[in-house]
Amino acid sequence: MQMILTENRILKLFEKKRSRILSVYFSAGYPNLNDTAQIIRSLSDSGADLIEVGIPFSDPVADGPTIQESNKIALDNGISVKLIFEQLAEIREHVDTPIILMGYINPVIRFGVEAFCRNCREVGIDGLILPDLPMQEYLENYKSSFEAHGLLNIFLITPQTSGERIRAIDRNSRGFIYMVSSASTTGAKTGISQDQVRYFERIKEMKLDNPALIGFGISNKETFNTACRYASGAIIGSAFIHVLKNAENLRQDIRTFVKSVKE
Amino acid sequence: MKIKVDDRGYYGNYGGAYIPEMLYPNVEELRQNYLSVMEEDGFKKEFDHLLKTYVGRPTPLYFANRLSEKYGAKVYLKREDLCHTGAHKVNNTIGQILLAKRLGKQKIIAETGAGQHGVATATVCALMGMECVVYMGEIDMARQKPNVERMRILGAGVRPATSGSKTLKDATNEAMRHWINDPVDTHYVIGSVVGPHPYPDMVARFQSVISEEIKWQLKETEHVEDPDYVIACVGGGSNAAGAFYHFFDRDRVKLLAVEAAGHGNETGESAATTVLGKAGVLHGSKTLLMQTDDGQVVEPYSISAGLDYPGIGPIHAHLFESGRAAFYSATDEEAMQAGILLSKLEGIIPAIESAHALAVLDNITFSPDDIVVLNLSGRGDKDLETYIKWGKY
């Protein structure tokens, strides 16, 4: 198990880099069914440090309208968990950037947790973000399968998460902690308020064992830079979905967007 | 059989609290406090007082003479349709809103399918001077128009859920999103025995007044506490949970749960979760869920907006799996006929939800001494338009 984790690309990334990490989220099968692998390659080529591939779900309760829509279009396009694994089958021949699958727990349960983890390992997935999988449930019923297949489980914290619970999450995390920037669904807010900055400072002062990436409300260079002052980096989701939605040339538009955030 | 939620919020294999971290503090606050608040003398007094003087409890346990004659058994109707606002839903909204006030909440949100839970929530918010927002599927708003206007008259904001199937499931999604975006000072009043722990247990407890009354009412009329059958319809399953509650461990009492089969379980247009569902997670709990092989939630269908939900409460998934309750399903056609029959025989126009429970009386061979209690969960006023469209009366 330990040997598998030493190969984990997320852990390797944070070993060599602890600041200005850019993670980008998009929904698999969006905007067109077979764009998934191309978008990953373009993100990687453009300098994204981490890639989060969303598993579309019919009832994404933690997501705002933008990601709800990309989920719906991807499902209408015919995406499925099985197809995502097929689309990613050869991705490791081209891309060494860490890849995380992010989605809701139901499709994972339906696919079969063990089979899901095995497929993740086969295609080279490094971690999972399953917002509606509670920590206790994870520890009791999922952790051993995830770890046996070299998968890190990434937990979320929010401005309302108590200090005590943040410590517990930190103890049970490996890789990084996903710091939700405000009490909101994805893509609901733009900009960063003074309240949020106080929350970022509070977390920074806790000196957690794991690095944190800030997500929700990060949309451009300005918000990315602000987030990077308080955390190891940030995650962009809805804003990138907008780029994909309006893209005329995927590869070029992705490159332009990533550069505009990082440089 | 003991049917009780465990420390982790499970009934057997079903339940739990599968919620994003954004909702954890609110749900945890509720979990830590609901039992102690519900046990406070002051809380109980206020709750009981409102049930009596405002809701009109106890509701009658009515011996349905002509229905009994027709089915060859002693058929009693538990008249939840006579509750203020027209359905059992208000038992729960009074309980939850009293609880929310004690937790210092100022704003209330809710989801609604047929509109009964929304109306019950809007009503109690008016009573207690609280701000109220109700999410309702756009399609449901069209088919339950009077209830939309009732909520508005009562001062609630009604917001359409325009995503997905635009029915109860999507209204629940929107209410959860609202709660994520506005977690402080807001309580989410879930209307059924669904959602993350402690909701299923809390709602079942508030609705358990139904079976508590059935017990002493039967004692008065039949000199026994236990009927032979208790029959109730199940969408999420709150009226059934309330009607079954005090009979769970009385194994001789047969519990019959009736789901909506829409156009028929084999047509793909149904809401009968125990027939078509598999274990999954929706709206915060693990339960039986109508879904594709890929784990996408299937959009259910029923003529009844209140039963048009792709899951069932985890307590019912457990009742089904353990065999403690027998699950039946009734089609649109069977339910409508049963509703019209009750109207003609007893002068009671039932809600189409409750008519599904009535429909299974046809499927059971009773002996003449059998005591059958059927929970008539709501009245048919809100469904008049559906009855009219149906014709055939």
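Distance from the alpha carbon centroid of the stretch B:164-190 to that of the stretch B:1-54 works out to 18 angstrom. Spacing of the modelled spin labels on A:Glu93 and A:Met206, each 7 Å from Cα toward Cβ, amounts to 4.3 nm. On chain B, 50 percent of the accessible area sits on carbon and sulfur atoms, based on a 1.4 Å probe.
A simple rule links phi to the HN-Hα coupling: the Karplus curve 6.51 cos²θ - 1.76 cosθ + 1.60 with θ = phi - 60°, which for the stretch B:347-359 gives x, 10, 8, x, 4, 5, 4, 5, 4, 5, 5, 4, 4 Hz, with x for Gly and Pro. Calculated mean residue ellipticity at 222 nm for chain A: -13000 deg cm²/dmol, from DSSP H runs with n ≥ 4 weighted as -39500 (n - 2.57), summed, divided by the residue count and rounded to 500. Residues considered: A:Leu139, A:Leu13, A:Leu33. Largest GNM mean-square fluctuation over chain A, using C-alpha springs under 10 Å, is found at A:Leu139. Nonpolar atom fraction for chain A, defined as the carbon and sulfur part of the 1.4 Å probe accessible area, stands at 46 percent. In a simple Cβ point-charge model (Lys, Arg +1; Asp, Glu -1; nothing else charged), the stretch A:2-258 has a dipole of about 700 debye relative to its Cα centre.
Under a plain spin-label model, where a point goes 7 Å from the Cα along Cα-to-Cβ, how far apart in nm are A:Asp76 and B:Lys278? Distance between the two pseudo-spin positions: 2.6 nm. Could you compute the FRET efficiency for A:Lys262 and B:Arg159, with r as their C-beta to C-beta distance and R0 at 35 Å, rounded to 0.05? Efficiency for this residue pair is about 0.35. Computed about its Cα centre, the charge dipole of the protein assembly as shown is approximately 1400 debye, with only Lys, Arg, Asp and Glu carrying charge at their Cβ. Other protein chain C-beta atoms within 10 Å of residue C-beta, averaged over A:110-116: 2. Among beta bridges identified by DSSP and lying wholly in the protein assembly as shown, the antiparallel ones come to about 20 percent. Think of each Lys and Arg Cβ as +1 and each Asp and Glu Cβ as -1; about the Cα centre, that makes the dipole of chain B roughly 680 debye. B:Glu212 exposes around 100 Å² of accessible area when a 1.4 Å probe is run over every protein chain in place.
The residues of the protein assembly as shown present an accessible area of 36 Å² per residue when probed at 1.4 Å with all protein chains retained. Find how many whole Å separate the alpha carbon centroid of the stretch B:351-371 from the alpha carbon centroid of the stretch B:223-288. Distance between centres, Cα-based: 14 Å.
Computed over chain B with a Gaussian network model linking Cα atoms closer than 10 Å, the most mobile of B:Val75, B:Val184, B:Val298 is B:Val184.
Ranked by solvent-accessible area (1.4 Å probe, protein heavy atoms only, all chains present), the residues A:Thr223, B:Thr386, A:Thr190 order from largest to smallest as A:Thr190, B:Thr386, A:Thr223. Applied to the stretch B:116-121, the Karplus parametrisation 6.51 cos²θ - 1.76 cosθ + 1.60 on θ = phi - 60° returns per-residue 3J(HN,Hα) values of 5, 5, x, 5, 5, 5 Hz, with x for Gly and Pro. Spatially, the stretch B:102-146 and the stretch A:184-237 are offset by 35 Å when compared through their Cα centroids.
Helix-only mean residue ellipticity at 222 nm, chain B, DSSP H runs n ≥ 4 weighted -39,500 (n - 2.57), per residue, nearest 500. What is it? Don't skip to the answer; put the middle values down first.
Working: 16 runs with 162 residues, N = 393.
So the helix-based figure for chain B works out to -12000 deg cm²/dmol.
Amide H contacts under 5 Å for A:Ser27: A:Gly54, restricted to partners 5 or more places along the chain or on a different chain, H placed in the peptide plane at 1.01 Å from N.
Once the Cβ-Cβ distance of B:Asp293 and A:Asn32 is raised to the sixth power relative to R0 = 30 Å, the FRET efficiency obtained is 0.85. Computed from backbone phi with θ = phi - 60° and the Karplus coefficients 6.51, -1.76 and 1.60, the 3J(HN,Hα) list for the stretch B:59-67 is 7, x, 9, 9, 7, 8, 4, 6, 5 Hz; x is used for glycine and proline.
If I model a spin label as a point 7 Å beyond the Cα along the Cα-Cβ vector, how far apart are those points for A:Arg229 and B:Ile388 in nm? It works out to 6.3 nm between the two label points.
Hey, if you put +1 on the Cβ of every Lys and Arg and -1 on every Asp and Glu Cβ in chain B, which of B:Val234, B:Ile388, B:Gly16 ends up farthest toward the positive end of that dipole? My answer, from the dipole projection, is B:Ile388.
Of all the options B:Ser322, B:Ser304, B:Ser367, the one that moves most in a Gaussian network model of chain B with Cα springs shorter than 10 angstrom is B:Ser367. Listed by chain and number, the lysines placed with their C-alpha closer than 17 angstrom to that of B:Lys101 are B:Lys44, B:Lys45; residues fewer than eight positions away on the same chain are left out. Would you work out if the stretch A:2-258 is rounded, prolate or oblate? Take a ≥ b ≥ c from the square roots of the eigenvalues of the alpha-carbon gyration tensor; rounded if a/c is under 1.5, else prolate when a/b is larger than b/c, oblate otherwise. The shape class here is rounded.
Please work out the FRET efficiency for the pair B:Ser343 and A:Arg121, using the Cβ-Cβ distance as r and a Förster radius of 56 Å; give the result to the nearest 0.05.
0.35
Note on the stretch B:22-92: dipole from Cβ charges, positive end direction compared against B:Tyr62, B:Ala87, B:Ser36; the farthest Cα belongs to B:Tyr62.
Compared with its chain on its own, the stretch A:152-172 contains the following residues whose accessible area drops by 50 Å² or more in the full protein assembly (probe 1.4 Å; ligands, DNA and RNA excluded): A:Gln160, A:Arg165.
Just check chain B against the gyration tensor rule for me: Cα atoms, a ≥ b ≥ c as the square roots of the eigenvalues, rounded for a/c under 1.5, and otherwise prolate or oblate depending on whether a/b exceeds b/c. Cα axes put chain B in the rounded bin. With a 1.4 Å probe rolled over the protein heavy atoms of all chains, the accessible area of A:Arg41, A:Arg110 falls in the order A:Arg41, A:Arg110, largest first. Computed from protein heavy atoms with a 1.4 Å probe, the total accessible area buried between B and A is close to 2800 Å².
The values are calculated or read from the model by the stated rules, or taken from the named source; none is laboratory data. Source: prediction; values computed, not measured. Cβ coordinates were reconstructed from backbone atoms using ideal geometry, including for glycine residues, and neighbour counts include every protein chain displayed. To get the accessible areas, we keep the full protein, side chains included, count just its heavy atoms, and leave off ligands, DNA and RNA. Shrake-Rupley method; radii C 1.70, N 1.55, O 1.52, S 1.80 Å.
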